[in-house]
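Read the structure below first, then the notes.
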Amino acid sequence: MPVVEVEQLVKRYGELSAVDGLSFSVEKGEVFALLGPNGAGKTTTVEILECLRAKTSGRVRVLGHDVETQASRIRERIGVLPQDFNTFDRLTVRENVRYFRDLFGSNADVDELLASVGLTEKADTLYLELSGGLKQRTGVAIALVNDPELVFLDEPSTGLDPHARRQVWELIRKLRAGGRTVFLTTHYMEEAAVLSDRVGIVHRGKLVALDAPDAIVRAHAGSTTVRLPAEPGLADRVAGWLPRARVRVDNAHLSIDPGDHRLEEVLSALASKATLASLEVRTPNLEDAFLALTGERLGGVGA
Amino acid sequence: MRRALVDLRASLRIYFRSRSGVFWTIAFPVLMMLVFGSILGNAGDDVTLGFQDRDGTPASQAFRQALADTGSFDLRTIPAGEDAVAASRREGYHTVVVVPPGYAAALQQGEAVVRIHHDPSQTNSNIAFSVVRGVVDRMNLELAGARSPAVQLAQESLVSSELSFVDFFLPGVIGMTIAMSALIGNLELFARYRSQGILKKLATTPITKLEWVVSKVLYQCVIGAITATTIIVVGVLAFDVRVFLNPFAILILFSGTAAFAGLSMMIARYVNEQESANAAGSAVAMPMIFLSGTFFPLEGMPPLLHSIAKVLPLTYVNEGLRAAMITQNASAMAFNGAIAAALAIGFVLLGAAMTDWKEV
């Protein structure tokens, strides 16, 4: 049975449809990411799953329970790191984690939890005095106080520096390794690509792609291309050497799509026949897929 | 309700770590007491009167005793050898009575003169002058053979059992502080937690809105008790206020606190920005504090303000605390206590119902 089942989910604010007919499911033990630019409807969707917002229509079940009628049973078994997470400034990290643990009436070992997110040394520091990355880690520890089967992380690395972001990614990998299902929202292409088993790309409240990141790229972003500086006549010569390749010139560069030539054929032809000032092998990514699917850029810093 | 206690414990820990919270709930009311108590609280005290006896006879001593018996003066003796005016300037007396040498003898002749130096620009000095004249008139009447004055003034304070300003002010300061803390403080806290996303995080936990509101009410009650205790200690030590502690005082204190905390939850529904929370809280609390007999007795107010005061919750808290702690007026305690308790229950339930953590 899927951990999350969403069918034809709609959320309207007046005339505006923030979420416009989403359908997907999340399987136990996977890392699932909703990827899309700000305002695409990711947070609205995830907050409906967390029982924080009411839906307009559609069917949503989390851990087998209905989000509207069985919210308290869902709440006991999920962990939530909300977007822009914050907790009490004037409590220490340990006091904050203990507070939420006690609200859940759980008997989790607070020090063990802190160790699992690498906060042992900061246990007695006031939350107020932590850096952004450490605050997020506190949030992850708090999301785990009730030993949840399913963890929602809403934009977990937004606003963090690259180092802190990678540390959050490590934590997410640990969650998956520990057997938990992780539901992630992000506008960072790279985050979705490196962390998730499957990605749903959201654009203006609609799901435009849903698959493993590689599969989405393969299906929508074209193949690996080779780029090199254009020289007079080079395009025609390359077309002669590699008859089944597609050659385009843009921005004073030659872009070679190998077609059904193997990449090695393209590279060896260029190496033996042309003088190469520089050469770039470009593998398309989710950003390219998003562009191909929507005609827009994701716009995230990590993209 | 276990979760309400978890939240209460954390709230108190946060409170004691916040300097501004401790300032507004402890230091500020103490300052109010000390400043207003010292400025206005001494108005009813004795007037200092310099007294120089240059006669040194039983008759002059009898005159001194007559002045002392009025109970209106703090009599300070100026030695007979000194210049009375210079001495009073040095000591800062605004009124000095001098009994000249030969007073006893002159009295026999019915020609005695007692000199009074006073400073008409000082209210107290004018009062002293009147009282001294009253003493002299009375002595003249007695000497003239009247057994007792035909007309006597029986003096009684308008306020029952001689309430001083500080007696009146102390319950008002308690009422004012709980209104400020439970209304403005709570509203600000709510708005801050909402803008920081803490309320959203709480909505993902099992704590219910009612448990959370109950925790905040209990929290304000604990702070109210700390505040009230501090104010009472200052009142007793610094101003000799006679405070009665009884179950009604505690009931009214906690009811008032709960009512304001509930009211703040109701207002919070309409305040989205953290910045506007303080303004909204003050806009409700400040006029209420001024119009509900916190600083001035309601009896002295024009009818319109009197009617306004009747609909302000703080009025019943102030009147109730005054009745329970100072005047011991049993019917006023019961009446105001009942109203405060009813407001508390109503506002807390409404506040819990209106509190919204989630967005729709």
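Answer yes if at least one residue in the stretch B:285-302 is over 23 Å from B:MET33 (Cβ atoms) and part of a helix (DSSP H, G or I), and no otherwise.
Within the stretch B:285-302, not a single residue is over 23 Å from B:MET33 (Cβ atoms) and part of a helix (DSSP H, G or I).
What number of residues within the stretch B:97-116 are in a loop (DSSP other than H, G, I, E, B) and in contact with a strand residue (DSSP E or B) (Cβ under 8 Å, 6 or more places away or on another chain)? So that I can check it myself, show each step before the final result.
Looking only at the stretch B:97-116, we keep the residues that are in a loop (DSSP other than H, G, I, E, B), and these are B:100-102, B:110-114.
Next, from what is left, pick out any that are in contact with a strand residue (DSSP E or B) (Cβ under 8 Å, 6 or more places away or on another chain): B:100, B:114.
Within the stretch B:97-116, residues that are in a loop (DSSP other than H, G, I, E, B) and in contact with a strand residue (DSSP E or B) (Cβ under 8 Å, 6 or more places away or on another chain) number 2.
For A:LEU49, are the conditions met, namely being within 14 Å of chain B (Cβ to nearest Cβ), surrounded by fewer than 21 Cβ atoms within 10 Å (Cβ to Cβ) and modelled with pLDDT of 95 or more?
Values: within 14 Å of chain B (Cβ to nearest Cβ): yes; surrounded by fewer than 21 Cβ atoms within 10 Å (Cβ to Cβ): no; modelled with pLDDT of 95 or more: yes.
Criteria not met by A:LEU49.
Residues to consider are B:THR208, B:THR177, B:THR204; find the one that is crowded, with 22+ Cβ neighbours inside 10 Å, within 14 Å of chain A (Cβ to nearest Cβ) and among the polar types (S, T, N, Q).
Details: B:THR208 fails: crowded, with 22+ Cβ neighbours inside 10 Å; B:THR177 fails: within 14 Å of chain A (Cβ to nearest Cβ).
When all the criteria are applied, what remains is B:THR204.
With the condition kept exactly as written, say whether any residue in the stretch A:151-161 is in a helix (DSSP H, G or I) and either of a type outside the set (Ser, Thr, Tyr) or within 14 Å of chain B (Cβ to nearest Cβ) (or both).
No: zero hits.
Take the residues of the stretch A:209-230 that are hydrophobic (A, V, I, L, M, F, W, C) and not in a helix (DSSP H, G or I): which is nearest to A:ARG246 (Cα to Cα)?
Applying the first criterion (hydrophobic (A, V, I, L, M, F, W, C)) to the stretch A:209-230 yields A:209-210, A:212, A:215-217, A:219, A:221, A:226, A:228, A:230.
So of that shortlist, the ones also not in a helix (DSSP H, G or I) come out as A:209-210, A:212, A:221, A:226, A:228, A:230.
Working: A:ALA209: 26, A:LEU210: 28, A:ALA212: 27, A:ALA221: 15, A:VAL226: 11, A:LEU228: 14, A:ALA230: 15 Å.
Looking at residues that are hydrophobic (A, V, I, L, M, F, W, C) and not in a helix (DSSP H, G or I), I get A:VAL226.
Of everything in the stretch A:162-179, what is among the charged types (D, E, K, R), touching a residue at least 60 places away in the same chain (Cβ under 8 Å) and closer than 19 Å to A:SER131 by Cβ? Give them in sequence order. Step through it out loud before you land on a result.
Quick first cut of the stretch A:162-179, residues among the charged types (D, E, K, R) only: A:165-166, A:170, A:173-174, A:176.
After this cut, where a residue has to be touching a residue at least 60 places away in the same chain (Cβ under 8 Å) as well, the list is A:165, A:176.
Matches in the stretch A:162-179: A:ARG165 only.
In this structure, does B:ASP74 turn out to be away from chain A (no Cβ under 14 Å) and surrounded by 19 or more Cβ atoms within 10 Å (Cβ to Cβ)?
Numbers: away from chain A (no Cβ under 14 Å): yes; surrounded by 19 or more Cβ atoms within 10 Å (Cβ to Cβ): no.
Judged against the criteria, B:ASP74 is not a match.
Looking at the stretch A:77-95, I want the residues that are facing chain B (nearest Cβ under 7 Å) and farther than 15 Å from B:TYR15 by Cβ and have a partner that is in a loop (DSSP other than H, G, I, E, B) and acidic (Asp, Glu) with Cβ atoms under 6 Å, at least 6 apart or on another chain. Which pairs are those?
A:VAL80/A:GLU50
Just to check your reading of the model, which residue among B:ALA238, B:ALA259, B:ALA228 is aliphatic (A, V, I, L, M), surrounded by fewer than 24 Cβ atoms within 10 Å (Cβ to Cβ) and in contact (Cβ under 8 Å) with a residue 40 or more places away in the chain? Step through it out loud before you land on a result.
On the way: B:ALA259 fails: surrounded by fewer than 24 Cβ atoms within 10 Å (Cβ to Cβ); B:ALA228 fails: surrounded by fewer than 24 Cβ atoms within 10 Å (Cβ to Cβ).
Selected residue: B:ALA238, the only one of B:ALA238, B:ALA259, B:ALA228 that is aliphatic (A, V, I, L, M), surrounded by fewer than 24 Cβ atoms within 10 Å (Cβ to Cβ) and in contact (Cβ under 8 Å) with a residue 40 or more places away in the chain.
Report those helices (runs of 4 or more DSSP H) wholly inside the stretch B:1-80 carrying at least 2 residues which are closer than 30 Å to A:PHE88 by Cα and among the charged types (D, E, K, R). Please lay out each step first, then the result.
Values: elements: B:2-17, B:19-22, B:28-41, B:58-69.
Of the helices (runs of 4 or more DSSP H) lying wholly inside the stretch B:1-80, those with at least 2 residues that are closer than 30 Å to A:PHE88 by Cα and among the charged types (D, E, K, R) span B:2-17.
For the stretch A:245-294, give me each residue that is assigned to a loop (DSSP other than H, G, I, E, B) and farther than 20 Å from A:ALA219 by Cα.
Just the residues of the stretch A:245-294 that are assigned to a loop (DSSP other than H, G, I, E, B), to begin with: A:245, A:251-252, A:258-262, A:274-279, A:283-285.
Answer for the stretch A:245-294, where residues must be assigned to a loop (DSSP other than H, G, I, E, B) and farther than 20 Å from A:ALA219 by Cα: A:ASN251, A:ALA252, A:ALA274, A:THR275, A:LEU276, A:ALA277, A:SER278, A:LEU279.
Quick check on A:VAL117: is it within 8 Å of another protein chain (Cβ to nearest Cβ), touching a helix residue (DSSP H, G or I) at 6+ places or on another chain (Cβ under 9 Å) and over 26 Å from B:ARG17 (Cα atoms)? Show your work before the answer.
Numbers: within 8 Å of another protein chain (Cβ to nearest Cβ): no; touching a helix residue (DSSP H, G or I) at 6+ places or on another chain (Cβ under 9 Å): yes; over 26 Å from B:ARG17 (Cα atoms): yes.
Taking the combined requirement at face value, the residue does not satisfy it.
Conditions first: (1) within 13 Å of another protein chain (Cβ to nearest Cβ); (2) at pLDDT 95 or above; (3) under 20 Å from B:ARG3 (Cβ atoms). A:GLY105 passes all but one, so which condition is the exception?
Looking at each condition in turn, A:GLY105 falls short on (2).
Could you look through the stretch B:272-299, keep only residues that are touching a Gly at 6+ places or on another chain (Cβ under 9 Å) and of a type in the set (Ser, Thr, Tyr), and pick out the one that is surrounded by the fewest Cβ atoms within 10 Å (Cβ to Cβ)?
Applying the filter and picking the extreme gives B:THR294.
Among the listed residues A:SER57, A:SER25, which satisfies the condition of being more than 14 Å from chain B (Cβ to nearest Cβ) and touching a residue at least 40 places away in the same chain (Cβ under 8 Å)? Steps first, please.
Details: A:SER25 fails: touching a residue at least 40 places away in the same chain (Cβ under 8 Å).
So the residue among A:SER57, A:SER25 that is more than 14 Å from chain B (Cβ to nearest Cβ) and touching a residue at least 40 places away in the same chain (Cβ under 8 Å) is A:SER57.
Quick check, is B:ALA277 modelled with pLDDT under 90 and of a type in the set (A, V, I, L, M, F, W, C)?
Numbers: modelled with pLDDT under 90: yes; of a type in the set (A, V, I, L, M, F, W, C): yes.
So B:ALA277 passes the test.
How many residues does the stretch B:244-267 contain that are under 15 Å from B:MET180 (Cα atoms) and of a type in the set (A, V, I, L, M, F, W, C)?
Narrowing the stretch B:244-267 to residues under 15 Å from B:MET180 (Cα atoms): B:253-265, B:267.
Restricting the remaining residues to those that are of a type in the set (A, V, I, L, M, F, W, C) gives B:253-254, B:258-261, B:263, B:265, B:267.
Looking only at that region, the number is 9.
The values are calculated or read from the model by the stated rules, or taken from the named source; none is laboratory data. Small disclaimer: the values here were computed from a predicted structure and weren't measured. Every residue, glycine as well, gets a Cβ built from its backbone with ideal geometry; the counts of neighbours run over all protein chains shown.
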